[in-house]
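Before any comments, here is the structure.
Every number in this text was worked out from the coordinates using simple rules, so none of it is lab data. No experiment lies behind these values; they were computed from the predicted model shown. Ideal geometry is used to build each Cβ from the backbone, glycine not excepted, and the neighbour counts take in all protein chains shown.
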Amino acid sequence: MFSKVSKSEGKSAAGGVSGRSLSVPKLNSAGVAPSIVSANLRVTGDLESEGDIQIDGHVEGDVRSNSVTVGEHAVVSGAILAQTVHVAGTVKGQINGKTVELTRTAKVTGDIVHESLAIEAGAYIQGLCRHADSAAAQPVRPVESNGHDAAGAKDMPPAGLVTALNASGAPKEEDKAAKSAFAASAAKGQEAIKKVFR
């Protein structure tokens, strides 16, 4: 009635081919498996989920979810907005998250807006890292060694921005446009985070 299949026949008792292991996705705290973009999948377009998303392939578009995990060989070309963001692969775009974690293999080209940020030694970041409360760019004033504002100091560009000057010492027009775009992007990211955390 019931027969046992030997391993030498190349099949497992479940009828599958031996040597293959079925990977079972890890369940989140609610007991639900994440949506997975596998390593051989390329997605062009935005991804949105109320649950968790695990990306091991390529995504060209924005990703919005409760939790996003970018695998070591994954590439995301677009913004990521989530409560929790784990990056082990490549992200080319802004990351907005309550908790952002970058492993040693992470490569991020873009700004990171966060409430909590953890970066392992070896991670690559080309962009600004800002706490969510200070995401809107605020002018800063130079401070003298005694801790007081320098007398007659003019407003300086937002921290982290380098100002290109023309021959007369005034900011170049394209730099003014870049600062405006940066401030608008930061404000937009701040509003998006507020919506997610409500």
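Descriptive notes on the structure:
- Nitroxide proxy distance, nm - points 7 Å out along Cα→Cβ at residue 33 and residue 126: 3.7
- Burial ranking of peptide ranges 52-64, 79-91 (average Cβ count within 10 Å, highest at the top): 79-91, 52-64
- Kirkwood hydrodynamic radius of the range 57-101, from inverse mean 1/r over distinct Cα pairs, in Å: 9.9
- Projecting label points 7 angstrom from Cα along Cα→Cβ for residue 44 and residue 105 puts them 2.7 nm apart.
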